[in-house]
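Structure first, then comments.
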Amino acid sequence: MNHASHSFRRTVVTALARGAVGAALLTLTSLAGAQSLDEILNYRQYTPLFSSAGQPSREQLPLIKEAGYDRVIYIAFNNGRTAIPEEDQLVKDLGMDYLHIAVDFNNPTIRDFDAFADAMQREPQSKTFLHCQVNARATAFSFLYRVLYQGVDIAEAKADMNTVWQPNEVWRDFIFAVMADRGMSSECETCDWTPPASN
């Protein structure tokens, strides 16, 4: 038994020995619930109603519900290395809505983004957790949604996306295409859109 486990056990036993069952339960609950959304891969919160992340684990899905999210939108494939094939059922069982848009990482389309944006616009007050596998697809969609629908400055949204990744050529061109489709320029004095060097 490691030191932390021994210390925890001693705390609980002491509390029980003093008849403080409530205190012992509180200790157990606080340590069991120590996990937070920040522990989900590349979790980023943009507004009180909108966040993106990489793939949460089965154990982390209830945290999303506990944080007040109304829906989960997944934009990668169900056969991904870290994907949860039954995520739709798990999310629905938790009482949240679930939407799956299978976005090909090597060929994202304007139609993919339109499906996402349409869902967001239909229920703008639904607290939404958007995710893919590592938060690359999701940060790109978040960038576009924030700039096109929420009026966020391009440089600010780009800086947020860059905390996760610098889009490659495919995704840079996709972002430009979506913006052009909406009649918006991707010009930004402080933005570097140079794709990362490939290995």
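Bear in mind that the values in this text are calculations on the coordinates, not laboratory data. What you see is a predicted model; the values in this text were computed from it and never measured. In this analysis, Cβ positions are derived from the backbone assuming ideal geometry, glycine residues included, and neighbour counts consider all displayed protein chains.
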Cα centre as origin, Lys/Arg/Asp/Glu Cβ charges: the stretch 35-181 dipole, Debye: 80
Once you place label points 7 Å from the Cα toward the Cβ at Asp118 and Asp153, how far apart are they in nm? 3.4
Charge tally in the Cβ shell below 12 Å around Phe116, where Lys, Arg are +1 and Asp, Glu are -1, Phe116 excluded: +1
Can you compute the FRET efficiency between Asp70 and Ser198 using 1/(1 + (r/R0)^6), with r the Cβ-Cβ distance and R0 = 35 Å? Round to the nearest 0.05. 0.35
If the chain between Ala83 and Asp97 were fully stretched, how many nm would it gain, using 0.36 nm times the residue separation less the Cα-Cα distance? 3.3 nm
Would you mind checking which residues have amide H under 5 Å from Arg71's amide H? H placed 1.01 Å from N; only 5 or more apart, or other chain. Asp97, Lys127, Phe129
